[in-house]
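*Asks:* Encoded as structure tokens, here's the structure I'll be asking about.
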Amino acid sequence: EKPEIEGNISFKNVSFTYPDTGIEAIKNVSFEIKKGQFVAIIGRTGSGKSTLANLIMRMYDTDSGKIEIDGKELRNINLNNYRSKIGFVPQEVFLFSDTIKNNIAFGLSEISEGQVETAAKNAAVYNNIVDFDQKFETMLGERGITLSGGQKQRVSIARALIKEPKILIFDDCLSAVDTKTEEEILGNLGTIMKGKTSILIAHRISTIKNADQIIVLDNGEIIEKGTHNEL
Ligand code: ATP
């Protein structure tokens, strides 16, 4: 059985301590994200932002409190099906010495050229790719070409989008690019996020003006919650 995921996320008094270090990274955190919302998580380095994203992907179980997806406890949801509905854009792009096409379709079988092209268009990297002689067959890495930081980032976004995820998580992936590239990517974010629950972890508050909700973490706790205007 592969039930649909709608993308409603709820944290109820969630706490989490990394078992290996004993660091309590998330402390009694509660919030509600409605399907389709754009939520930004900000906070200083070490405040628990990535840990929150990890908990949403269920890389770990909570120590106490509850995470619910569409009203169902996350720990009772089929994990493979759930993860297949999450598009995750990591902090650091990971590209293979392979074609651009295979880098975008990474890990998926039976992907058509059309799907790869659509993902590239939505991630605003299509025009860059078709400018290369070999287009989507262009090799990256040691035996191929080197993409710019922004292009890499957008290939990584295309890789997340090709899954047609219900939940999209950007883990601080924009802090690694310059402001111009960031603006370029953000310009397309509205289109990218349409109809998806989107969670953007960021450092710069300017990045997240349009968020439906901003969650400010400090030392594992939520210290503020609201829209850009409210905060
Ligand atoms: P940054 O902005 O630097 O990415 P962050 O806000 O994402 O920081 P986290 O990475 O969630 O913060 O870290 C929260 C706390 O948990 C920190 O004290 C960190 O040292 C600790 N931590 C993070 N990952 C692990 C891990 N895999 N094992 C043990 N402790 C961890």
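The values are calculated or read from the model by the stated rules, or taken from the named source; none is laboratory data. Since we're looking at a predicted model, the values are computed, not measured. Reconstructed Cβ throughout: ideal geometry from the backbone, glycine too, with neighbour counts over all protein chains shown.
*Asks:* Test Glu24 against the criterion of being among the acidic types (Asp, Glu) and within 20 Å of Lys196 (Cα to Cα), and give yes or no.
*Replies:* In short, no.
*Asks:* Could you please give the count of residues in segment 48-62 that are assigned to a helix (DSSP H, G or I), closer than 17 Å to Ala160 by Cα and more than 9 Å from the ligand (Cβ to nearest atom)?
*Replies:* 1
*Asks:* Then there is this: I'd like to know if segment 84-93 contains one or more residues that are surrounded by fewer than 17 Cβ atoms within 10 Å (Cβ to Cβ) and touching a Cys at 6+ places or on another chain (Cβ under 7 Å).
*Replies:* yes
*Asks:* Can you name the number of the only condition in (1) touching a strand residue (DSSP E or B) at 6+ places or on another chain (Cβ under 6 Å); (2) closer than 15 Å to Val155 by Cα that Leu74 fails?
*Replies:* Evaluating Leu74 over (1) touching a strand residue (DSSP E or B) at 6+ places or on another chain (Cβ under 6 Å); (2) closer than 15 Å to Val155 by Cα leaves (2) as the failure.
*Asks:* Same structure again: What pairs come up if the first residue lies in segment 1-29 and is closer than 22 Å to Asn76 by Cα and of a type in the set (Gly, Ala, Ser), the second is away from the ligand (no atom under 16 Å from the Cβ) and assigned to a loop (DSSP other than H, G, I, E, B), and their beta carbons are under 7 Å apart, counting only those six or more places apart or on different chains?
*Replies:* Gly7/Lys35; Gly7/Gly36; Gly7/Lys166; Gly7/Lys196
*Asks:* Next question, about the same structure. Quick one: Phe94 ticks every box in (1) part of a loop (DSSP other than H, G, I, E, B); (2) touching a helix residue (DSSP H, G or I) at 6+ places or on another chain (Cβ under 8 Å); (3) farther than 30 Å from Glu6 by Cβ bar one, so which box is it?
*Replies:* (3)
*Asks:* Which of the numbered conditions does Glu183 fail, given that it passes all the others? Conditions: (1) part of a loop (DSSP other than H, G, I, E, B); (2) among the acidic types (Asp, Glu); (3) over 14 Å from the mean Cα position of the chain (by Cα).
*Replies:* Among (1) part of a loop (DSSP other than H, G, I, E, B); (2) among the acidic types (Asp, Glu); (3) over 14 Å from the mean Cα position of the chain (by Cα), the lone unmet condition for Glu183 is (1).
*Asks:* Restricting to segment 1-22, count the residues that are modelled with pLDDT of 95 or more, surrounded by fewer than 17 Cβ atoms within 10 Å (Cβ to Cβ) and within 21 Å of the chain's Cα centre (by Cα).
*Replies:* Total satisfying the criteria: 1.
*Asks:* Of all residues in segment 126-144 being within 22 Å of Leu174 (Cα to Cα) and free of Cβ contacts under 8 Å to residues at least 24 places away in the same chain, which is surrounded by the fewest Cβ atoms within 10 Å (Cβ to Cβ)?
*Replies:* Filtering segment 126-144 for residues that are within 22 Å of Leu174 (Cα to Cα) and free of Cβ contacts under 8 Å to residues at least 24 places away in the same chain, the one surrounded by the fewest Cβ atoms within 10 Å (Cβ to Cβ) comes out as Asn127.
*Asks:* Still on this structure, I have one more. In segment 172-231, what residues are at pLDDT below 80 and of a type in the set (Lys, Arg)?
*Replies:* Hits for segment 172-231 are Lys180, Arg204.
*Asks:* Among the residues of segment 20-44, write down those that are within 12 Å of the ligand (Cβ to nearest atom), assigned to a loop (DSSP other than H, G, I, E, B) and under 18 Å from Lys225 (Cα atoms).
*Replies:* Result: Arg44, single match.
*Asks:* While we're here: Counting just the residues of segment 4-19 that are in a strand (DSSP E or B) and of a type in the set (Val, Ile, Thr), which one comes out farthest from Gly226 (Cα to Cα)?
*Replies:* Here the residue is Thr17.
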